[in-house]
1. Going down the list Lys43/Lys67; Lys43/Lys139; Lys43/Lys70; Lys57/Lys77; Lys84/Lys141, which pairs span over 20 Å between their C-alpha atoms?
2. Work out, step by step, the length gained on full extension between Ala69 and Ala124: first 0.36 nm times the residue separation, then minus their alpha carbon distance; give nm to one decimal.
3. Label Gln58 and Lys84 with points 7 Å out from Cα along Cα→Cβ: what is the distance between them in nm?
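Read-outs: derived from the displayed coordinates by stated rules, not from any lab. Remember, predicted model here, so these are calculated numbers, not experimental data. So basically every Cβ, Gly included, is an ideal-geometry build from the backbone, and we count neighbours across all protein chains shown.
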Amino acid sequence: MKKIFALGIALLVGLMISGNTTVFAADLGLIQLLTSNLGVTKKQATGGAGSIFNLAKQNMSTDDFTKLAKSVPGINKMMAAAPKTDGASSMLGSASSLLGGKTASSVSGVAGLAGSFSKLGMNADMVNSFMPIIMDYVKAKGGEPLAAILQAALQ
């Protein structure tokens, strides 16, 4: 009888694991999703997500960011855990702000993410691995419109 019960539990867990991560995104914390799907440490997941949310905040209205913050528990902790970018990318960001150029701002943002991820011990390609998980999570927690706003802020 114990074997049948254990088999039933194993089957149920297997079905849950094989399911789409979007379905379970609302049930799992974002950091747990990142660590389990990407094999990164909790520190890397927290700092990497925070770096992405810091960039998004720079390109979102206050109202839109407030909606995002309400949908992502612990977002302030993640953003605080993001490594500070180096002076070069900060100067690029300041220069692009003075020029009013969104393209320059986007370039400095991407460079800043690569720098942040590097400081966390990850390569720049990991930014592309984080993005779909974060987007799916925001979509599950805040809906399609909020995910679209976040996507636009990160381009």
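1. Beyond 20 Å between Cα atoms: Lys43/Lys67; Lys43/Lys139; Lys43/Lys70; Lys84/Lys141.
2. The span from Ala69 to Ala124 would gain 17.3 nm if fully extended.
3. 1.5 nm
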